[in-house]
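The values are calculated or read from the model by the stated rules, or taken from the named source; none is laboratory data. Here the structure is a predicted model, which is why all the values come from computation and not from measurement. Because the Cβ atoms are built from the backbone with ideal geometry, glycine has one as well, and the counts that use them run over all protein chains shown.
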Amino acid sequence: MSTFLLTPSEERLLKEIQGGLPLISRPFQQIGKRVGLTEEEVLTVLQAMQERGVIKRMGVIVRHHELGYRANAMVVWDLPDDRVEEFGHKLIRHGMITLCYQRARVLPHWPYNLYCMIHGKAQSEVMQAVRAVIHCCEIDRFPHQILFSLRRFRQRGAFYFGDALARRPHSHIELRCD
């Protein structure tokens, strides 16, 4: 676990972005106006926090359900370990794969080591995409399972400050990140 002391501008910025970025052409400019920084200063502070390890990464969380994609499947593959990278690259080149990553097997119960997500508007669309991926990537000879989502839980990024903490006045804050 690491401990970081934040400057007041870093703290204001983290509080502002933890709920997500506005979907506009210049989100960092708008955020800067809210926290008293220029767009350039926002980007400089975010980069510095990333270099220090305060922010590990910034990314997009796509809420597929709100976009009409109601069928979501995790396809898990049991591949030879020396072929995972090769097939991972093949899979991500396919247009229907939204996420692809490797995980360690948990033998003897779980032999799968490559995972990919496919989202569709209907289960039949996802199954068609799985068949296309299997054919295009020549991955049909390897065992796999298709696991459809049954229930959706909350999606959000890192949350650094709770309401009580956000109201507490201080010139810096100690932030612990695992």
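Only one residue in Leu46, Leu67, Leu79, Leu14 is modelled with pLDDT of 90 or more, within 30 Å of Leu114 (Cβ to Cβ) and out of contact with any Ser or Thr (no Cβ under 8 Å at 6 or more places or on another chain), so which one is that?
After applying the criteria, what remains is Leu79.
Which residue is farthest from His109 (Cα to Cα), if the candidates are limited to the range 139-151 and must be without any contact (Cβ under 8 Å) to a residue 40 or more places away in the chain and not aliphatic (A, V, I, L, M)?
Only one residue tops the list, namely Arg151.
How about the range 118-156: which of its residues are in contact with a strand residue (DSSP E or B) (Cβ under 9 Å, 6 or more places away or on another chain) and among the small types (Gly, Ala, Ser)?
Within the range 118-156, Gly120, Ala122, Ser124, Ala129, Ser149 meet the criteria.
Inspect the range 86-93 for any residue being of a type in the set (D, E, K, R) and in a loop (DSSP other than H, G, I, E, B) and give the result as yes or no.
The answer is yes, given that some residue of the range 86-93 is of a type in the set (D, E, K, R) and in a loop (DSSP other than H, G, I, E, B).
On the basis of being surrounded by 12 or more Cβ atoms within 10 Å (Cβ to Cβ), polar (S, T, N, Q), at pLDDT 95 or above and in contact with a helix residue (DSSP H, G or I) (Cβ under 8 Å, 6 or more places away or on another chain), does Asn113 make the cut?
So Asn113 fits the description; yes.
Given the criteria surrounded by fewer than 14 Cβ atoms within 10 Å (Cβ to Cβ) and on the phi > 0 side of the Ramachandran plot, does Glu138 qualify?
yes
Tell me which helices (runs of 4 or more DSSP H) are completely within the range 1-85 and hold 2 or more residues being touching an Asp or Glu at 6+ places or on another chain (Cβ under 9 Å) and of a type in the set (A, V, I, L, M, F, W, C), or say none if there are none.
The qualifying helices (runs of 4 or more DSSP H) are 27-35, 39-52.
Show the residue pairs meeting these rules: Cβ distance below 9 Å; 6+ apart or different chains; first residue within the range 44-57 and in contact (Cβ under 8 Å) with a residue 60 or more places away in the chain and within 12 Å of Leu6 (Cβ to Cβ); second residue part of a loop (DSSP other than H, G, I, E, B) and small (Gly, Ala, Ser).
Ile55/Ala158
Taking Arg93, is it under 21 Å from the mean Cα position of the chain (by Cα), in contact (Cβ under 8 Å) with a residue 12 or more places away in the chain, over 30 Å from Leu6 (Cα atoms) and surrounded by fewer than 15 Cβ atoms within 10 Å (Cβ to Cβ)?
no
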